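The values are calculated or read from the model by the stated rules, or taken from the named source; none is laboratory data. For clarity, every value in this text was computed on a predicted model and none was experimentally measured. Methodologically, a virtual Cβ is constructed for each residue, glycine included, from the backbone with ideal geometry; neighbour enumeration extends over all protein chains shown.
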Amino acid sequence: MPLALTTYLAGGSGPWRIDSINPVVGDTLPAADRLDIVEAPVAREVADTWWALAQDERRALLAESHITIGLDYLPAVARRLHHCRDLGEPFDFLTWFEYAPTDSEQFEDLVGRLRNTPEWSHVDREVDVRLSRDVQGGAA
């Protein structure tokens with residue numbers, strides 16, 4: 001049975017309007033107007049980045065800073081982390097954050113703190129994509 005994983009499809013349709021796509025580290029993503037999110041089977045392939053570190057080393061880096069920092073922003077900023085390693089995707093992780101417009105300052109502070117952690121030295125590509133949800137979800 002194939003794995004059912006969350007797939008993010010950028011293009012001309014979907015309930016999310018893409019407000020901006022900004023490369024932070026490395027290459028950007030192709031321009032698109034809309035984003036759809038679906039559950040779909042995905043083939044598995046192996047990729048290497050910070051995965052050369054031992055699992056306990058990776059976990060220690062995350063526990064020391066990344067996880068602790070994230071807890072400081074709950075419940076204002078919710079996070080969903082997708083592990084993309086071994087899936088043939090261009091990123092090892094995709095992190096989906098949700099917050100109310102009134103909490104945008106807290107979100108910016110969270111992202112700034114995360115980008116100053118030791119694990120960020122292993123990032124070779126990061127693209128900041130900002131979205132807005134349309135009530136009706138139609139094409140722009």
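Residue by residue through region 16-28, note down the ones that are crowded, with 16+ Cβ neighbours inside 10 Å and either without any contact (Cβ under 8 Å) to a residue 24 or more places away in the chain or of a type outside the set (Val, Ile, Thr) (or both).
16, 17
Of the residues that make up region 105-123, is at least one among the basic types (Lys, Arg) and either at pLDDT 85 or above or in contact with a Leu (Cβ under 7 Å, 6 or more places away or on another chain) (or both)?
Yes, region 105-123 has at least one match.
Go through (1) surrounded by fewer than 16 Cβ atoms within 10 Å (Cβ to Cβ); (2) of a type in the set (Lys, Arg); (3) more than 15 Å from the chain's Cα centre (by Cα); (4) at pLDDT 75 or above one by one and return the number of the condition residue 44 breaks.
(4)
State the number of residues belonging to region 87-100 that are assigned to a strand (DSSP E or B) and not aromatic (Phe, Trp, Tyr).
Counting residues in region 87-100 that are assigned to a strand (DSSP E or B) and not aromatic (Phe, Trp, Tyr) gives 4.
At negative phi and touching a Phe, Trp or Tyr at 6+ places or on another chain (Cβ under 6 Å): which single residue out of 80, 85 fits that description? Reasoning before the result, please.
Details: 85 fails: touching a Phe, Trp or Tyr at 6+ places or on another chain (Cβ under 6 Å).
Answer to the selection: 80.
Results for (1) of a type outside the set (D, E, K, R); (2) surrounded by 16 or more Cβ atoms within 10 Å (Cβ to Cβ); (3) assigned to a helix (DSSP H, G or I); (4) touching a residue at least 40 places away in the same chain (Cβ under 8 Å), shown as yes or no for each residue.
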residue	(1), (2), (3), (4)
85	no, yes, no, no
102	yes, no, yes, no
110	yes, yes, yes, yes
119	no, yes, yes, yes
124	no, no, no, yes
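Table: residues versus (1) modelled with pLDDT of 75 or more; (2) in contact with a Lys or Arg (Cβ under 9 Å, 6 or more places away or on another chain); (3) in a helix (DSSP H, G or I); (4) within 24 Å of residue 123 (Cβ to Cβ).
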residue	(1), (2), (3), (4)
1	no, no, no, no
5	no, no, no, yes
13	yes, yes, no, no
32	yes, no, no, yes
51	no, yes, yes, yes
61	no, no, yes, yes
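Tally time: how many residues in region 66-82 are of a type outside the set (A, V, I, L, M, F, W, C), surrounded by 11 or more Cβ atoms within 10 Å (Cβ to Cβ) and modelled with pLDDT of 75 or more?
Looking only at that region, the number is 6.
Test residue 85 against the stated conditions and say whether it is under 16 Å from the mean Cα position of the chain (by Cα) and either modelled with pLDDT of 80 or more or among the small types (Gly, Ala, Ser) (or both).
no
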